[in-house]
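Got a structure here, written out as structure tokens. Questions coming.
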Amino acid sequence: MNNKLTISEIFYSIQGESSYAGFPCVFIRLSGCNLRCSYCDADYTWQDGDKKSIDTVLDIIDNYPCELVEVTGGEPLFQKSCIELLSQLIRRNKTVLLESNGSFSIEDVPSEAVAILDVKCPDSGSKNSFHPDNVGIIKERITRIPNSCELKFVLSTRQDYVYAVDFIKRNNFFNMLPILFSPVQKGLTADTLAHWIMEDGLNVRLQLQLHTILWPNISRGV
Ligand code: SF4
């Protein structure tokens, strides 16, 4: 319980992504990441951060009038105490989202948390980082608890789109869980991606980052 985490920021905002987009949400952004994606908009998390005990983090969270909490990064599972944080939040009856880059096994992530996992595409520069065990773990989790996992693809090019569709088909993920397709900021236009999705009739959700629409000139704390 006294384990410490290195925290980049804790803030209260509107959830901008996932099936929970639009809901008020408290974000706990942990420092550090094992990847270096080309489009990273949270590179400040790679270095900075303050050490805080899990008790202190929970006390801060309790001050917000909100039951939805997302643990993000950086890469949150880069810090082992993240699992303890998730468990403690669940014990406090929070609805807990974990946003991970998918490169760590989610075997120890509590089933009550919703795991939103990135699958990195070629233009991210982090292709093939998805932990191979996660395919089986996701299938087992969503069989026990439907909607306990979501998959997210950030797409920069047509090459990324083709890669994403192939990954989903190869692993039989269509119609099994929520799948989110996001155009990379300042890259692929949402309009182009929307047309590709409609042409192929894909059962995926086109996702625009709601917080960047609400607060276009603010890059941290939203
Ligand atoms: S996984 Fe996320 S935080 Fe890490 S480099 Fe990629 S985009 Fe940035």
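We did not get these values from a lab; they are worked out from the coordinates using the rules stated. Here the structure is a predicted model, which means the values were calculated and not measured. Positions of Cβ are generated from backbone atoms using ideal geometry, with glycine treated the same way; all protein chains shown enter the neighbour counts.
Between the DSSP loop rule and a limit of at most 16 other Cβ atoms within 10 Å, which GluC sites (Glu not before Pro) in the range 88-127 are left? Walk me through the numbers on the way to the answer.
On the way: sites: GLU99, GLU107, GLU112; in loops: GLU107, GLU112.
Taking the range 88-127 and a limit of 16 other Cβ atoms within 10 Å, the loop GluC sites (Glu not before Pro) found are GLU107, GLU112.
Taking the chain as the reference, fit the longest principal axis to its C-alpha atoms, fit the long axis of helix 158-170 to the helix C-alpha atoms, and give the angle between the two in degrees, 0 to 90, nearest 10.
Here the helix axis deviates by roughly 80 degrees.
Starting from the Cα gyration tensor of the chain, take the square roots of the eigenvalues, sort them a ≥ b ≥ c, and report rounded, prolate or oblate (rounded when a/c is under 1.5, otherwise prolate if a/b is larger than b/c, else oblate). Could the numbers behind the result be given before it?
Values: a/c = 1.65, a/b = 1.40, b/c = 1.18.
It comes out prolate by the Cα gyration axes.
Let me ask something else. Counting DSSP beta bridges with both partners in the chain, what percentage is antiparallel, nearest 5?
Numbers: 11 of 34 bridges.
So the antiparallel bridges in the chain amount to around 30 percent.
In degrees, nearest 10, range 0 to 90: what is the angle between the Cα axis of helix 133-144 and the longest Cα principal axis of the chain?
With both axes taken from Cα atoms, the answer is about 80 degrees.
Here's another thing I want to ask about it. Please work out the Cα center distance from the range 162-222 to the range 37-86, rounded to the nearest Å.
24 Å
Based on other C-beta atoms within 10 Å, arrange LEU177, LEU193 from fewest to most.
In order of increasing Cβ crowding within 10 Å: LEU177, LEU193.
By how many degrees, 0 to 90 and rounded to 10, does the Cα axis of helix 190-200 deviate from the longest principal axis of the chain?
Long axis of 190-200 versus the principal axis of the chain: about 60 degrees.
Would you list, by chain and number, the aspartates and glutamates whose Cα falls below 14 Å from the Cα of LYS80, excluding same-chain residues fewer than 8 positions away?
Within the straight-line limit of under 14 Å, LYS80 reaches these aspartates and glutamates: GLU107, ASP108.
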